[in-house]
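Undergrad: Here it is: the structure, laid out below.
Any read-out appearing in this document is the output of simple, stated calculations on the displayed coordinates, not a laboratory observation. Being a predicted model, the structure only gives us computed values, none of them experimental. Cβ sites come from the backbone with ideal geometry, for glycine too, and all protein chains shown count toward neighbours.
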Amino acid sequence: MIITTEFVDVEVDGSPMRMSVAAPKPEGAYPGVVFYSDIFQLTGPMLRATARLAGYGFVVAAPEIYHRHEPAGTVIPFDDAGRTRGLEGAANTPVADFDADCRAALDYLAAHPRVARGKLGAAGFCLGGHLAFRAALQPDVRAAACFYGTGIHNGKLGRDADARSLERAPEIRGELLLVFGTLDPHVPEDGRARVERALREARVNYSFKLYPAEHAFMRDEGARYDPEATDAAFADMIELFRRSIKG
């Protein structure tokens, strides 16, 4: 499906939050998805993933997660200095701000003329995987795909040592997909087990997918990129969204 892309600014708590918005070009109403980046913001890999998802028939909004600290349009490089900068951006952002940004992005999609009413989802990578999990706490999110989400298992998110995301799992009303690489040191096996146990006890409708891959295996730049695992995990997301949001 051919798509269109644009950047839009949405005000949140007095600060403009820039988002990359990709949408199908054919007329019609489509589900809307908030798509969260990793700590490097809207890099080439993230924009390509956003466009790819839109091509399957979704209006996709990818926000700059550090808009309160970084100038609009800031793309953090994939190097040691960039990693430090990205981690500092997270450390300077309280969970309440991330949650406010989520609500603003969802409200933008809900009001978008191309988004079908009541059909909203979320997805994200790394830190963004945790943010997608947080988005699932919103009552109007019907499905969320969390790719190697960091901090879900131990509560760490942004400035908060414990965001209590797992504790709030009973609030989730939609369906969750959690994707991890078995070689990911940031979310070890015992951490994955803790997440799955909490979701099971909370009676959340969820699925777990594991791939023999490293952290950030879906980022199509760098030594950890695994094309086969990426395609499979992306297909997992499409299947989830088509079943839970489009249906």
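Undergrad: List the longest stretch of the chain that has no exposed loop site; here a site is one of the trypsin sites (Lys or Arg not before Pro) assigned by DSSP to anything other than H, G, I, E or B, with at most 13 other Cβ within 10 Å.
TA: Details: sites that count: ARG164, ARG203.
Answer from the scan: 1-163.
Undergrad: If amide H atoms are built 1.01 Å from N in the plane of the peptide, which residues on other chains or at least 5 residues away come under 5 Å of the amide H of GLU175?
TA: ALA143, ALA144
Undergrad: Follow-up. Dipole of region 3-246 (Lys/Arg Cβ +1, Asp/Glu Cβ -1, origin at the Cα centre): which of LEU47, ASN205, LEU109 lies farthest to the positive side?
TA: ASN205
Undergrad: Given H placed 1.01 Å from N in the peptide plane, which residues other than close sequence neighbours of ALA116 have an amide H under 5 Å from its amide H?
TA: TYR30, GLY32
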